[in-house]
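> Structure provided below as structure tokens; questions to follow.
The values are calculated or read from the model by the stated rules, or taken from the named source; none is laboratory data. Keep in mind that what you see is a predicted model, and the values were worked out from it rather than measured. Neighbour counts are summed over all protein chains in view; Cβ atoms, including those assigned to glycine, are modelled from backbone coordinates with ideal geometry.
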Amino acid sequence: MTMNALAVVKDAQALKDYMSFYQDKTNHHAASAQLMKELTRAGMKPSYGRPTIFHVHDDLVMLMLNHEYGIKAFDAAAVSDATIRARAEIFKLTRALRSLGGIWEGIQVAATAEHIGVRDGRRIAGRYTVVKNDLVTGARHDDAVTRPTFNVDIHAFDKKQNDGAGPISHGGMKTLPYDIPLRALIARDVDGLMMAGRCISGDFIAHASYRVTGNAVAMGEAAGAVAAIAASSHRLPHEVSWDEGARMLETTRRQESTTAKTKSTGT
């Protein structure tokens, strides 16, 4: 789990070598390594072995500096405790960077997330389960709702692994673009229940690829379209074909495009 935060800096340009993907130029690994050197110089060892700063806008940046290990995502008290610890670590690390002065002078936390971000939790069994082999072979489905391209991204299970083997593993594999079918968004054992995002039906390896925001957005849009059709036609989600959902989304997009053009021309 990771608690992200927003921070303001004196001069974002001066921090370009420490910010991942700054203006699409700075290498993520190189920037993270440089940031780790600065944190070490400030006497700090963050819980995450690949601390990261992302540029947001002007002098606003996002910090991804911490990890909480072994927390059960369904244990509310444990998640609350992890949130508190992570927030405290963010402020501690930010104060340490500020103490270095120079380009770090004035850096301060502007906001932290409401609660810690959960990468992995329980997943619901669906009418299809996305598995490792789907990623390796670049599986295709007629009812595909999105095609992820993100590699497997397994974060260390504990601090020992983070400090030893490394903070992130790709599972010794390289993925091909693969389809997530609508069936993986429809619960197998509970009629009328749909999922989107991290909780869809998939194994651990596949989840480490499809769990990112861009894929979750597409899954949410698809689930919403199918749920709307099911409700309006008095059917269950598994009785709706993805062709119907796709047509609905295409119609909605055309209508939105027409509305936007009308507003822009003032007609």
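> Condition first: modelled with pLDDT under 95, closer than 30 Å to M36 by Cα and buried (at least 16 other Cβ atoms within 10 Å of the Cβ). Can you find one or more residues in segment 170-186 that meet it?
yes
> Quick one: is G117 under 15 Å from S209 (Cβ atoms) and either of a type outside the set (F, W, Y) or more than 19 Å from the chain's Cα centre (by Cα) (or both)?
Here the answer is no, as G117 does not meet what is asked.
> Return a yes/no flag: does segment 90-97 have any residue that is in a helix (DSSP H, G or I) and touching a Gly at 6+ places or on another chain (Cβ under 7 Å).
The answer is yes, given that some residue of segment 90-97 is in a helix (DSSP H, G or I) and touching a Gly at 6+ places or on another chain (Cβ under 7 Å).
> What number of residues within segment 51-89 satisfy the criterion of being within 17 Å of G121 (Cα to Cα), part of a loop (DSSP other than H, G, I, E, B) and of a type outside the set (D, E)?
So the answer is 7.
> Among (1) in a strand (DSSP E or B); (2) crowded, with 18+ Cβ neighbours inside 10 Å, which single condition is R123 missing?
Looking at each condition in turn, R123 falls short on (1).
> So, one more: Residues to consider are T26, T2, T52, T83; find the one that is crowded, with 18+ Cβ neighbours inside 10 Å, at pLDDT below 95 and either closer than 19 Å to A156 by Cβ or not aromatic (F, W, Y) (or both).
T26
> So in segment 245-267, with the set limited to residues that are more than 27 Å from the chain's Cα centre (by Cα) and of a type in the set (K, R), which one is modelled with the highest pLDDT?
Of everything passing the filter in segment 245-267, R247 is modelled with the highest pLDDT.
> Return only the number of the condition from (1) surrounded by 14 or more Cβ atoms within 10 Å (Cβ to Cβ); (2) under 17 Å from D163 (Cβ atoms) that G70 does not satisfy.
(1)
> Out of the residues in segment 137-169 that are in contact (Cβ under 8 Å) with a residue 40 or more places away in the chain and β-branched (V, I, T), state the one that is surrounded by the most Cβ atoms within 10 Å (Cβ to Cβ).
Restricting to residues being in contact (Cβ under 8 Å) with a residue 40 or more places away in the chain and β-branched (V, I, T), the top hit is V145.
> What are the pairs with Cβ atoms under 8 angstrom where one residue, in segment 11-38, is at positive phi and the other, located anywhere, is basic (K, R)? Sequence gap at least six, or different chains.
Q23/K16
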